[in-house]
Amino acid sequence: MPAQAFQVFPIENSDNTWRDEVFEFLNEKIDQIVEETAMEKIDDITGAIFQNKSEILGQLVLGLIKKNYNHLLNQEYCECPICGRRLKAWNKKVKRTIESLGGCLDLYRPYFYCKNCNHGFYPLDEALGLASSPKQHDIQDLEAWLSTELPFETAAEAFKRCTGDPLSADHMFETTNHIANHFDILDICPTKDEIEQKVNELSKGRFRRPVMMMAIDGAHAPTRPEPSPWKGKRGKGEWKEAKGFRLYLIDTDRIIHLISWHQIQDEKEFAEGLLKIRSARLIPENKVRLCRIGDGVPWIWNKPLEIFPTAREVLDYYHCSEHIHAVANVQYGKRNRKAQEWVEGTFTRLFHNNVDDVIRGLRIMEPVSSEAEEKITDVIRYLSKNRNRVDYGSAKRAGYHLGSGAIESANKFIGHVRLKRSGAWWYVTNANNILKLRCAKYNGTYDRIIHKYIEMNRENIYAKSSQANNS
Ligand SMILES: [Zn+2]
């Protein structure tokens, strides 16, 4: 196999015809604009330019392609990248349209086909790293970026208003899902080194290891079943839980965000995500004091405990407080002084790590009604199950968070603002794709995954040639 099937690097074209062609086009365009536009107000002038922007910039791009890739634009012979056979270009150059934020143009370039390998290719496309669709990667990037903020229709509208170029909501939708499909939890997370650097910075000059909180919570998202291939009917909407976690460091009076990950998933899939985090050693367990926080739901505690057994655990204070108040209300009456005193006493005991006293007290309480009896039994069970997670006094002194507000706000700004729109019922796959990209934005990895997507996409399109190049 040939080491290099064709020259993919730019070669300076000493012939300056390309430049003359650009100026010639510009001259004609200016005449046309002057003739067709009433140039009174600034809006008329800028509007005329904006309308022709894609074409003008496109011709400039074409000129520079001619300058650098004249050899590929006019290539007559080429070796097959697979078998090395010498091939002659087709008689006619083949047209393709290129749309990018930096202009639109038609490119006519030579096509080669090897009958031996049943392989057809355009050396210039590969040299330029063109996307397979007319819309180039910069447009795809913007489509995904807008679509993770706005409903697809509005995103398409925003795109048109900002760029002057039309784009359909369907295209926005397809592109966003296509990009997100390439990625999983570890792509969305910062690297081990990036996390360690933040931990190290926070550790400087401190006596104790910094606190790293792992807040876990679920939030409901509107979904509908994906249609089965044999019956195309739209399924009925249902609310499903997006399970997520947020990992952050606590600085004195602020939090340093590290990772958010939310997906509509079951307990097993949630645990698999955490396992990947552990396998990639993203949490430097020997350098931080890890603490898990969440409400009383079992999935928050069971698997995560197996995966990170050394983490301290805190039951969300507000969640616990709701349960305690519920008992007080039914037993002593709402806003009653006795109720208030009992609640305060109970929390004082919890802050002094006397949860057993609280449970004992509840056991000897004489329920005033069957409702009170039920609530008391509930809270006894709840506190017994979370016995090791309610030592609020010591957790507070050690600098841990007692409330899971950080994950609740992540639920809002990552999930709700985009998924909970009136009339929106999501297929789970599509909702999860949006969540992935939104998490990437908050984790600071969005640009990185887009870059990775572009690389993967190019490798995919030009696989045959690059395989030959590498051999
Ligand atoms: Zn061949």
| query | How are the Cα pair distances of the stretch 1-145 distributed, in percent, across 10 Å bins from 0? | reply | 10, 32, 30, 19, 6, 3, 0
| remark: Long-range amide H partners of Ala242, meaning residues 5 or more apart or on another chain whose placed amide H is closer than 5 Å, are Ala219, His220, Ala221
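May I ask you to derive the FRET efficiency for Arg448 and Arg363 from their Cβ-Cβ distance with R0 = 56 Å, giving the value to the nearest 0.05?
Using R0 = 56 Å, I get an efficiency of 0.55.
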| field | Overall dimensions of the stretch 272-335 as given by Cα atoms, namely Rg and Dmax in Å | value | 16.5, 52
| What is the Å³ per residue value for the convex hull set by the Cα atoms of the stretch 28-77? | 78 Å³
| remark: The relative contact order of the chain, taking Cα pairs under 8 Å that sit 6 or more residues apart, comes to a percentage of 17 percent
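Give me the net charge for the shell around Glu174: Cβ to Cβ below 12 angstrom, other residues only, Lys and Arg +1, Asp and Glu -1.
Details: positive: Lys135; negative: Glu143, Asp170.
Its environment carries a net charge of -1.
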| request: May I ask you to derive the relative contact order of the stretch 65-211, considering only C-alpha pairs under 8 Å and at least 6 residues apart, and to give it as an integer percent? | output: 14 percent
| note | Any residue on another chain or 5+ positions along whose placed amide H is under 5 Å from the amide H of Trp426 is listed here as Thr223, Arg224
| task | Apply the Kirkwood formula to the stretch 274-417: the hydrodynamic radius equals the inverse of the mean of 1/r over all pairs of different alpha-carbon atoms; give it in Å with one decimal. | result | 16.7 Å
| message | If amide hydrogens are placed 1.01 Å from N in the peptide plane, which non-local residues have theirs closer than 5 Å to the one on Val297? | response | none
| remark: Taking only the alpha carbons of the stretch 184-255, the radius of gyration and the largest Cα-Cα distance, Dmax, both in angstrom, are 20.1, 65
| Reciprocal mean inverse distance between Cα atoms of the stretch 359-471 - Kirkwood radius, Å | 20.0 Å
| field | Under Karplus coefficients 6.51, -1.76 and 1.60, residue-wise ³J(HN,Hα) of the stretch 283-292 in Hz, glycine/proline x | value | 9, x, 4, 7, 9, 10, 9, 7, 9, 9
| note | With the dipole of the stretch 57-143 defined by +1 on each Lys or Arg Cβ and -1 on each Asp or Glu Cβ, the option from Leu62, Leu73, Thr97 whose Cα lies farthest towards the positive pole is Leu73
| How large is the Kirkwood hydrodynamic radius of the chain, in angstrom, based on all distinct alpha carbon pairs? | 27.3 Å
| said: I'd like the orientation of helix 17-36 relative to the chain: the angle between its Cα long axis and the longest Cα principal axis, in ° from 0 to 90, rounded to 10. | reply: 80 degrees
| field | With Cα atoms, 0 to 90° folded angle of helix 298-307 axis to the chain main axis | value | 70 degrees
| task | Using a cut-off of 9 Å between beta-carbons, work out the net charge of the residues near Asn13 (Lys and Arg +1, Asp and Glu -1, Asn13 not included). | result | 0
| task | May I ask which of Lys287/Lys396; Lys160/Lys236; Lys338/Lys412; Lys243/Lys303; Lys375/Lys420 have a Cα-Cα span longer than 25 Å here? | result | Lys160/Lys236; Lys338/Lys412; Lys375/Lys420
| Separation of the stretch 164-189 and the stretch 94-111 by C-alpha centroid, Å? | 22 Å
| In degrees between 0 and 90, to the nearest 10, how far off the longest principal axis of the chain does helix 169-180 point, with axes built from Cα atoms? | 70 degrees
| note | Thr191 neighbourhood, Cβ < 13 Å, K/R = +1, D/E = -1, net charge +1
| task | Report the charge-dipole magnitude of the chain in Debye, nearest 20, computed about the Cα centre from +1 at each Lys and Arg Cβ and -1 at each Asp and Glu Cβ. | result | 1840 debye
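Give me the dipole magnitude in Debye, nearest 20, for the stretch 1-132 about the Cα centre, with unit charges on the beta carbon: positive for Lys and Arg, negative for Asp and Glu.
Details: 15 positive and 19 negative charges, 218 e Å.
Computed about the Cα centre, the dipole is about 1040 debye.
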| To the nearest 20 debye, what is the magnitude of the charge dipole of the stretch 78-199 about its Cα centre, counting +1 on the Cβ of each Lys and Arg and -1 on the Cβ of each Asp and Glu? | 1180 debye
| Which of Tyr442, His137, Phe308 sits farthest toward the positive end of the charge dipole of the chain, with +1 on the Cβ of Lys and Arg and -1 on the Cβ of Asp and Glu? | Phe308
| note | A correct Karplus calculation of ³J(HN,Hα) over the stretch 423-430, with 6.51 cos²θ - 1.76 cosθ + 1.60, θ = phi - 60°, whole Hz and x for Gly and Pro, returns x, 8, 10, 9, 5, 4, 4, 5
| said: What does the extension gain come out to for Lys95 and Ile45, with contour length at 0.36 nm per residue minus their alpha carbon separation? | reply: 14.8 nm
| query | HN-Hα J couplings of the stretch 375-384 from phi, Karplus 6.51/-1.76/1.60, θ = phi - 60°, integer Hz, Gly and Pro as x? | reply | 5, 4, 4, 4, 5, 4, 5, 4, 6, 5
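Computed from the coordinates by the stated procedures, all read-outs in this text should not be read as laboratory data. Note that the structure is a prediction, hence the values are computed from the model and not measured. Every residue, glycine among them, receives a Cβ derived from its backbone with ideal geometry; neighbour counts consider all protein chains shown.
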